[in-house]
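Below is one structure, written out as structure tokens; the observations come after it.
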Amino acid sequence: MSEPFNTWQNRFENLRSNKIFEGIVISIIVLSALVIGAKTYEETTRIEQWLLYLDIAVTIFFLIEILIRMAAERNLISFFKKGWNVFDFLIVTASLIPMDDSEMVLLARLLRIFRVLRLVSMIPELQMLLVALVKSIPRMGYVVLLMFIIFYIYAAIGSFLFNNVDEGLWGNIALAMLTLFQVATFESWATAVLYPTMEVYPYAWIYFLTFIFLNAFIFLNMMIGIVLDVMQKESAQMALDNGEGEEAELQALRSDIRGLKAQLDRMESAIAQRHSSPAEQGSNSPDAQHTAR
């Protein structure tokens with residue numbers, strides 16, 4: 001029983017690691033995203049039934065794919081030890097919620113949207129980017145805090161100085177912070193904020209340029225530097241993990257070769273015993289023992 005089970009498990013493992021199979025899964029994920037997007041158009045109401053059938057087919061495919069990945073694991077517990085596997089399992093399980101019930105239609109559609117995130121779990125490079133982004137958040141938090149302090153100081157100064165220019169932009173510190181956010185994003189800030197202010201205060205450009213220099217250049221580059229630093233570490237860690245995985249596979253192959261060599265030695269020993277010399281066999285036969293008596 002164990003031999004056929006191991007054979008099927010090896011087949012599932014080979015299928016899971018097959019590049020063509022991975023490409024098909026990625027294509028189906030993209031197709032699922034297109035189906036979800038198509039349902040938002042009113043023109044697709046006449047083919048809504050076909051879109052429903054296509055969504056069911058995609059859901060069944062995802063279910064079969066996750067079952068193949070689970071069957072390919074030597075130990076099912078190890079499958080759920082990986083966070084991305086748990087994420088895929090939850091997304092596929094949530095996709096099984098029927099859409100016939102009117103109360104569950106909205107929830108089912110919202111859950112199906114998250115199937116697009118399975119692209120992240122299928123592509124290691126996207127995983128590295130997401131992990132690097134998440135790990136960068138704590139370090140970026142201090143930069144954001146410092147930016148908030150600078151925003152607050154400049155907003156207070158702007159509210160005191162430019163209140164008489166435009167109350168809709170500088171009426172209070174909250175409006176001033178929104179105005180400075182517009183300036184930091186460079187969204188029509190010159191014509192809407194800078195030039196009207198300079199008509200009343202010609203030297204207001206000093207205020208705006210120093211603010212842009214601090215936020216758009218220094219703080220933004222600090223955030224980019226943090227993300228790049230974490231991405232570099234994650235890339236090195238991924239390369240190290242891949243190297244360890246290849247080394248583990250090499251060790252397993254060496255162990256299998258040693259096991260095969262031991263089996264061959266035992267087989268050669270058994271064959272040598274069976275083809276021993278006739279004299280040795282004759283000396284041990286009952287007739288030879290009777291003659292000797």
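With each label point set 7 Å from Cα along the Cα-Cβ vector, what nm distance links Leu119 and Ile271?
5.8
For segment 139-234, with every protein chain kept in place, what is the accessible area per residue (1.4 Å probe, Å²)?
60
With a Förster radius of 45 Å, plug the Cβ-Cβ distance of Arg258 and Leu228 into 1/(1 + (r/R0)^6) and report the FRET value to the nearest 0.05.
0.50
Once you place label points 7 Å from the Cα toward the Cβ at Ser78 and Lys39, how far apart are they in nm?
Each label point is offset 7 Å from its Cα along the Cβ direction, giving 3.7 nm.
Quick check: pseudo-label points 7 Å beyond the Cα along Cα→Cβ at Met70 and Glu22, how many nm apart are they?
Result for the modelled spin labels: 2.3 nm.
Would you mind checking Lys19/Lys81; Lys19/Lys82; Lys19/Lys261; Lys82/Lys261; Lys81/Lys135 for any pair whose Cα atoms are more than 30 angstrom apart?
Too far apart for the 30 Å limit: Lys19/Lys261; Lys82/Lys261.
The values are calculated or read from the model by the stated rules, or taken from the named source; none is laboratory data. None of these values were measured; they are calculated from a predicted model. Here Cβ is always computed from backbone atoms with ideal geometry, including for glycine, and neighbour counts include all displayed protein chains. Accessible surface is based on the protein model in full, side chains and every heavy atom, while ligands, DNA and RNA are left aside. Shrake-Rupley method; radii C 1.70, N 1.55, O 1.52, S 1.80 Å.
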